[in-house]
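Just below is one structure, and these are the notes that go with it.
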Amino acid sequence: MTKAYVSLPKNGWITVYDQMSDYEFKYTEIRKFSENLSANLSTVAFAFIAKVPILAASK
């Protein structure tokens with residue numbers, strides 16, 4: 001069973017963070033998670049992965 005964080009509603013959106021997405025960026029797993037969420041809640045689910053570049057410290 002996967003754990004998830006569910007946010008409070010904000011501007012008509014609820015954000016769900018799957019626990020595994022904190023550790024791994026597997027597109028197939030994120031897609032499966034959003035498909036299951038959409039099917040179980042009978043609503044549209046929008047999934048994406050945001051990668052933030054790590055900047056090297058300047059000397």
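The values are calculated or read from the model by the stated rules, or taken from the named source; none is laboratory data. If you're wondering where the values come from, they're calculated on a predicted model, not measured in any experiment. FYI the Cβ positions are ideal-geometry reconstructions off the backbone, even for glycines, and counts take in every protein chain you see. For the accessible areas, the whole protein counts, side chains as well, though only heavy atoms, and no ligand, DNA or RNA atoms are used. Shrake-Rupley method; radii C 1.70, N 1.55, O 1.52, S 1.80 Å.
Residues that are over 13 Å from the mean Cα position of the chain (by Cα) and surrounded by fewer than 10 Cβ atoms within 10 Å (Cβ to Cβ) were ranked within the range 36-51; the one that is farthest from residue 17 (Cα to Cα) is 42. Listed conditions (1) open to solvent by less than 100 Å² (accessible area, probe 1.4 Å); (2) at pLDDT below 85; (3) of a type outside the set (Asp, Glu); (4) in contact with a strand residue (DSSP E or B) (Cβ under 7 Å, 6 or more places away or on another chain) are all met by residue 17, apart from (1).
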